Amino acid sequence: MTARTTLVPALAVLLTSAFAVQAHAQASDTDKAFVAKVSQGGRYEVEASQIAVHKAMAQDVKDLAVAEVHDHQLVGDKLKTISTAEGAPIAPTLNAEFQQKLDHLKTLSGAAFDSAYLAEMDAIHDKDEKLFAQESQDGTPKYKAFAAETDRIVKRHIGALHAV
């Protein structure tokens with residue numbers, strides 16, 4: 001076997017690997033900013049809602065919290081799957097802003113908790129709705145599809161929040 005016959009297959013493997021790595025990282029800077037924002041918001045919604053399941057005074061607030069936990073865990077898992085494949089990292093913990101909000105909710109009880117929790121969920125869903133609507137227009141294909149699908153869930157949550 002000559003050096004040339006060994007070099008050609010080796011070069012082909014290297015080029016294939018390079019293209020596979022390049023194809024693996026498809027997230028744009030816009031996608032990465034979207035992921036950073038909505039993954040934090042989603043994690044906060046799950047953690048705040050887990051607290052609300054136990055601390056909320058009104059049954060309709062508890063019911064909303066159960067739906068929030070369920071839906072946002074599913075959405076978060078799907079986002080993580082897409083982001084892993086597309087090369088957009090997701091922070092493993094809440095950022096300082098959301099941690100502070102969560103810590104504040106933990107100090108409340110009764111009607112004050114219910115009111116604060118609902119206000120937080122209303123504010124974050126309003127921001128989420130704008131982020132998902134924008135990404136469904138401007139994202140790369142996988143994020144665009146994810147955002148369009150998730151925007152419907154966010155709108156459903158907004159409707160549920162206004163019904164409480």
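Normalising the Debye intensity of the stretch 28-164 to I(0), with uniform scatterers on Cα atoms only, and taking log10 at q = 0.09, 0.13, 0.14, 0.21 Å⁻¹ returns -0.25, -0.52, -0.60, -1.23.
Treating r as the C-beta distance of residue 51 and residue 122 and R0 as 22 Å, the FRET efficiency rounds to 0.85. Rounded, prolate or oblate: which fits the stretch 53-102 when a ≥ b ≥ c are the square roots of the eigenvalues of the alpha-carbon gyration tensor, with rounded for a/c under 1.5 and prolate only if a/b beats b/c? It comes out oblate by the Cα gyration axes. Label positions at residue 30 and residue 85, each projected 7 Å from the Cα along the C-beta direction, are separated by 2.1 nm.
Each peptide in 74-80, 46-52 receives the mean, over its residues, of other Cβ atoms within 10 Å, and ordering these scores from highest gives 46-52, 74-80. Take the Cβ atoms of residue 100 and residue 140, set R0 to 41 Å, and the FRET efficiency comes out at 0.80.
Projecting the Cα atoms of 83, 160, 107 onto the charge dipole of the stretch 53-164 (Cβ charges, centred on the Cα centre) puts 83 farthest toward the positive pole.
Every number in this text was worked out from the coordinates using simple rules, so none of it is lab data. All figures in this text were calculated on a predicted structure; none of them were measured in a lab. So basically every Cβ, Gly included, is an ideal-geometry build from the backbone, and we count neighbours across all protein chains shown.
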